[in-house]
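The values are calculated or read from the model by the stated rules, or taken from the named source; none is laboratory data. Being a predicted model, the structure only gives us computed values, none of them experimental. With ideal geometry, Cβ positions are generated from the backbone for all residues, glycine too; neighbour counts draw on all protein chains shown.
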Amino acid sequence: MPAPKANPMQRLLDPAVLSSLSNLELVARTVVDGVMVGLHRSPRFGFSQEFAEYKPYTEGDDPRYIDWNVYARSERTYIKRFRGETNSPLMILLDSSASMGYQSEQSTVSKMQYANYLAASLAYMASKQNDAVGLMVFDEQVRDYRPPSSRSGQLQVILHCLDKVVAERGTVFEEPATQIGALGIKKGMVAVISDFYCDYESLLQSVRPLAFQGQDIMMFQIMDPAEIKPEIKQPGPLKDAETGQVVEVSREYMQKQYPIKMQQHIASLENAAAAVRADHVLMQTTEPLNQGLNGYLRFRTRRS
Amino acid sequence: MGLLAPLFALGAVLAALPYFLHRLSTVTPDQQEFASAMLLSPTQKREHVRKQLRYLILMILRILLLLAIVFAFARPFMDQDSISVYSQGAVNHLLVIDVSASMSGADKLDNVKQAAKDFVRSMKRGDQAQLFLADNQLRSIAGPSLEPNTLIAAIDDIEVSRFKLDYGVMMSGLSSRFPDDWFDHKIHLFSDLQQSGMPRQFAKLIPELPANANVELAFYPERSENSANWLIEFIDTDGDQVRVGIKGYQSDQQSRAITLVVNDEEIVEQSIDVLPSGRAIVIFDGIQFKPEINRVRASLLQPDTLEVDNHFNYAVDRSPPEPVPLITVNPYSRSVTYMSTALRTVGAPGNSQTAANWTVEPVMVDNFDPRTLERYNWVLIDDIGLIPQALEEELVRFLQAGGAVFAAAGERTLGLTQVPLSGHSVPDDADTSLAIAQQNFLGVSRVESSHPILDGLKGWVDISISQSLSIEANESDRVLAWLSNGEPLLFEQRVGRGRLVVLTTSLDNEWNNIPVKPLFVGLIGQAANYLSQREAVTIQKLAGEYLYDDELSGVGIQQGEQSTAGQIINPFGETLVELGSTSNLSQRQLIHTGFYELHNASGQSLVGVNIAPAESDTSSLSEEYLEQWVAAVSGQAETIENVKFKESESGLKNDSKPVIELWRILVMLALFLLLTESLLSTFYLRRAQLLESQGTNT
């Protein structure tokens, strides 16, 4: 089976291209448009304000949606149909710990930049769907918080916040999870963007209450290719970006044992996500962003 | 050739080159930033540490290689003697060489120097030695040293002194010369072992020893076969007569010829028989002295064991009499007669060489011109009550300027309410103003015999006083003699820089019998010397003694001049102390025999310096005494025979020790280092290449 022909617009989803765009809104728009071009309209109709078509009334249809103006002109009963719409607020939890600042030679953007692009794109897309969107930036503490809103200026607010994010300090998931629970945010989607260098148990304990609240959780794991398959030319000590711990690792370990450990780590994370019915998306900083947006759309579709 | 050569010093600096090259080339493995160390596990092999170690080993090898080459070119060698600085059984030797005046005779010093050098050459490897000179003090001149040549050079420079030997001073001086880090010490005394050098107490012959020290004492006696010695013991003068005393030690009866030189002119020569170890006096008559301080030098013409004591230097003061005014109301009174006679007697030649002649000039108080006070050092007043107020003021100025007044009480004092000059109050009542003995005469209860005026005077019990001025001494007065009723008889008062001495009774024999007693002459004479400050100059001294400030300041003192500025010229005409710099005079030692001239602005004096008579005594310490000394110091007897045996045993052992050439060892070391460095660097290089290829393949 021949490979599907790539949409020319999707070329723009490459992070290397996006990194040349300085305006985050422009990045987001480029990404979203590139994704949307390749999608078909949803065959399902809903109750949004966007008019779809008229349909002759048949038995079983809700008589409240009969367009009486058309009936007055043509004495035929038509039902007015709109494009499907769900009121799903999106809360983006963005990890801004020091490990997110990592960038290898293989990648053109750091994990933090990539995460920013993803967050901006998600926010843009949600905003375009008239969904309320919010942002919480955290490391060891919550550094910035914008509650979900569907107001027209909300996207600019979020993009402005993302512009200021700096990768530093460590990662603690309990803080943002606890705060979201405490704030009583309306049921919706929660997108967690992080590299997830943490203990699975503590991650589960942090995320599980959100799942119990009815939140749909998306875990976007951002990784640099060098983290998954490291290439060390010269053996030497490696310094943990968050803790400053220096570990001298042999070349053999990095080439053989570390990739296995990393796969195990990812698998464990997927299991942890499955345990709370969350969706886990692994994204490498060299890959296009559409994978992340597709995940968002999939969730949104699931909720509608 | 040694490492001190600049070229090799530069070569040694080059050894730092590998260090800098390694510093430049060594790439410290950079710490690579990694997102998280959560999935990392440290390797067992600390590869970069190993790499650093390899670099370090190579660097050290290269530095050592360069150093070995540089040192090898310097051709170092090692003397076997210096291998062990302090070995077990090493001894700290204290070599004491007697350089007292007695060592100047009959090659004694040359012999002990040779013995000392022989000993130094025979010292065992690891022994150290200190070199001291002993006479009336102990002086360190060399060491501690392990090097015999240093000590021998110091021994060669030793010269004999003119001082007296004192074994007590020598041994106490050694007390602080035992190093604490040495266990075995040995004192070697190279001396003629004169008996006269012994201290009065045997205990002074034992030095203070450090704890747990083992100290021995050994003697190297230097005795001449012919120890007969004669010396000129003294010179005395009486008018135009000079008497010279001769004494013999260890001598037979012999005739000795003596020559007398006065003021550098040989006057006469005489011979006299001297009994075995006896004394003789040669009298020279008709010697004409100049009216000044004369140099008299007597010499024995025949040589003997000790030449330095064959001469005697003697200064005779025949300066013209010094005038002293006697202020009186009656120049023909008995007090004037007594005083004039006493002062003429005091100044008589042959009686005391330290005193001057005095000529009393009686002058009526009304005729006395105060302006003449400038001519006098001191003034006599036979009745202090006769001083009118105007003259009193002048006398006070005279005293404050440094002059002196000797005054007695008299009839004129009784009518006054206050004693002139001294300021003491006199009771108005004539009955109470005089202390009058009713039944018995007053006596002298106490005298301060340490005062120069009363020093050595005897016969106070014969003094009877019928009347005296009844006054109370002030706190500032120094009472020199007390009456039996507790009142002062003689007191001294300081007025400014001057001295006032007051006798509370009269100078005639109406109130007392002092003028007719023998002590009167001594009293007046010593008062004259004290008040004129002529007593300070001692014109005979022994070699090794010192000239003090007061002795120089006493030279020709005049009114108002208390300065010690002056000049000392030694017997060789060399100026020791310049004018105005005599603040350093306090300890000026007389190191030569002969005449020292003392000059200051107001006059000059002469000091005859001779060696101590004890140095002429050639008798030696007995063997028993030496054994006791050795036993006391070390706790074990050591006889002179043993010492002699050791001397012969030591001998001259000038072994030529082999020298170890180190450059061959260094060349071998350099080759070894070069080989090791090559092998290691090749091995490391291959390993690095292997690792690099492995990394590329993966």
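Descriptive notes on the structure:
- Test: residue in the stretch A:194-204 that is over 30 Å from residue B:50 (Cβ atoms), at pLDDT below 90, more than 10 Å from chain B (Cβ to nearest Cβ) and buried (at least 20 other Cβ atoms within 10 Å of the Cβ): yes
- Pairs are defined by a Cβ separation below 6 Å, a sequence spacing of at least 6 or placement on different chains, a first member in the stretch A:162-186 that is aromatic (Phe, Trp, Tyr), and a second member that is in a helix (DSSP H, G or I); the pairs so defined are A:173/A:203; A:173/A:206.
- Sole residue being at pLDDT below 90, touching a Lys or Arg at 6+ places or on another chain (Cβ under 6 Å) and surrounded by fewer than 21 Cβ atoms within 10 Å (Cβ to Cβ), chosen from B:456, B:402, B:415, B:443: B:402
- Residue within the stretch B:303-322 that is closer than 30 Å to residue B:412 by Cβ and in a loop (DSSP other than H, G, I, E, B) present: yes
- Residues that are at pLDDT below 85 and either of a type in the set (Asp, Glu) or farther than 18 Å from residue B:217 by Cα (or both), drawn from the stretch B:86-101: B:86, B:87, B:88
- When residue B:482 is tested against the conditions (1) surrounded by fewer than 18 Cβ atoms within 10 Å (Cβ to Cβ); (2) within 18 Å of residue B:419 (Cβ to Cβ); (3) in contact (Cβ under 8 Å) with a residue 24 or more places away in the chain, the lone failure is (1).
Yes/no matrix, rows are residues, columns are (1) at pLDDT 90 or above; (2) crowded, with 24+ Cβ neighbours inside 10 Å; (3) in contact with a Cys (Cβ under 9 Å, 6 or more places away or on another chain):
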{"site": "A:65", "(1), (2), (3)": "no, no, no"}
{"site": "A:89", "(1), (2), (3)": "no, no, no"}
{"site": "A:98", "(1), (2), (3)": "yes, no, no"}
{"site": "A:111", "(1), (2), (3)": "yes, yes, no"}
{"site": "A:115", "(1), (2), (3)": "yes, yes, no"}
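- Strands (runs of 3 or more DSSP E) fully within the stretch A:74-156 counting 1 or more residues that are of a type in the set (Lys, Arg) and either under 24 Å from residue A:32 (Cα atoms) or within 14 Å of chain B (Cβ to nearest Cβ) (or both): A:78-83, A:142-149
- The residues of the stretch B:515-529 that are among the β-branched types (Val, Ile, Thr), within 43 Å of the chain's Cα centre (by Cα) and over 16 Å from residue B:381 (Cα atoms) amount to a single one, B:521.
- In the stretch A:211-230, residue nearest to the other protein chains (Cβ to nearest Cβ) [restricted to those that are surrounded by fewer than 20 Cβ atoms within 10 Å (Cβ to Cβ) and over 30 Å from residue B:691 (Cα atoms)]: A:211
- Residue count, the stretch A:231-274 (criterion: of a type in the set (Val, Ile, Thr), within 16 Å of residue B:35 (Cβ to Cβ) and more than 9 Å from chain B (Cβ to nearest Cβ)): 1
- Residue list for the stretch B:460-475, restricted to those being within 19 Å of residue B:426 (Cα to Cα) and among the acidic types (Asp, Glu): B:472, B:475
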